[in-house]
Each structure stands twice: as structure tokens, then as C-alpha cells.
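Read-outs throughout are calculated quantities, based only on the coordinates presented, and are distinct from any laboratory measurement. The structure displayed is predicted, hence computed values, not measured ones. Glycine gets a Cβ as well: all are built from the backbone with ideal geometry, and neighbour counts include every protein chain shown.
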Amino acid sequence: MPRIKSNLTGEVSNVRGDIARELIKMGVATALESLGPDTEGSPSRLPKYQPAVVPEPQWQVLIRNNSDDTKVLVIRMTLPNMVADYFGPPADVNRKIAWPGGFRWANGFGRAVPDEILSDYNRQYKRNEGIRGVAFGLPQDVNTGPSNETMAANKEACDRELASGNAHYSPK
């Protein structure tokens, strides 16, 4: 709250900024300290907009000690509020999984790994076979399995029934 001095009584007091401005405009008070920017009659003022700063991740290639006493070579991305590790084949580090209208990174970081980190990881991955992580991935033909085979057989049976003209249809 700014301090003002009354021109009528000489009294010094602290008053709200908008009231102090009005008293000074009317000529009945003098400012003893800066009133600051005009708040347009509001006793409080919101801060000005500033764009958010996107943090730059810190990258490392290191050997992680797991709880089962195994060691795994990982690429670690550190942000102020999270740490994420990637372990797997170097060929999949910057692989994109794409679909019509979008894609995602297969590494789980949500972004590409820098080239110097990738080359360091690749070199250590080739040199140390004992600290390679388990490579996760889908089999080449992901449409295999008992449930998919059952669904395919049911579809073929329905298609044959419809093609023969013997399918019974009764609307409810």
C-alpha cells in the first residue's frame, strides 16, 4: 500500500493504490512514495503473460543396477520432474511408430535421442553383450494366436453362410 500525505491535515497514512491515485488527482493528497503502475481501480493485479520455458532434457548413457542385481545399459533422459530410461536395440531408439495422422517414438521419451548419445549407446551396446537389456517387441506377424484364429474361422463360416443364401435374418 502506498503512503500519502493529506494536504488538508498533514496526516501521513497508508491507503489502497486506487484510492491514493484518486486523492492525488483531486489535489487533497501528495504521494510520499511511488504508487507503481496503474491498476485501473483494481486492488490486486495479475502478472503479465510470459511464455512457458520448455526444459531441455539432460541425456546420459549409463549402466543401471536393477533390484535383482543385474546391470543394464540404458539411455537416461532427465527432466526437472521425471527420469525415463530406454534399454533395447540401438536400431529402435529413434524409430517412429506411425499411423494416418500421427506418430509416436518407440523409445518412450516422446522425442528423438541426440546423435552423440545414440552413437555412444550403440558403441557400448556392441562392446558389452552382458549388459544389454531384454529387447521387447512384437512378433513379425502379430495376427497370430488362438483368439485371432477362432475369430477368423467364425468369419469364414459366416461368409460361407451368407454366400450360400441360407442365412436367416430376422429384424427385432
Review point. How far is it, in nm, from the label point at Lys48 to the one at Glu116 when both lie 7 Å from their Cα along the line to the Cβ?
Key: 3.6 nm
Review point. Considering amide H positions built from the backbone, and no H for Pro or chain starts, which residues 5 or more places from Asn7, or on another chain, come under 5 Å of its amide H?
Key: Ala29, Thr30
Exercise for review: Per residue of segment 10-27, in order, report the coupling 6.51 cos²θ - 1.76 cosθ + 1.60 (Karplus, θ = phi - 60°) as ³J(HN,Hα) in whole Hz, putting x for Gly and Pro.
Suggested key: x, 6, 9, 8, 9, 10, 4, x, 5, 5, 4, 4, 5, 5, 5, 4, 6, x
Point to revise | Cβ-based net charge around Phe87, under 13 Å, with every Lys or Arg adding one and every Asp or Glu removing one | key: +2
Review point. Along the charge dipole of segment 48-103, Cβ charges K/R +1 and D/E -1, which of Met77, Ile63, Trp99 sits furthest on the positive end?
Key: Trp99
Point to revise | Estimated inter-spin distance, Asn81 and Gln124, nm [label 7 Å along Cα→Cβ] | key: 2.8 nm
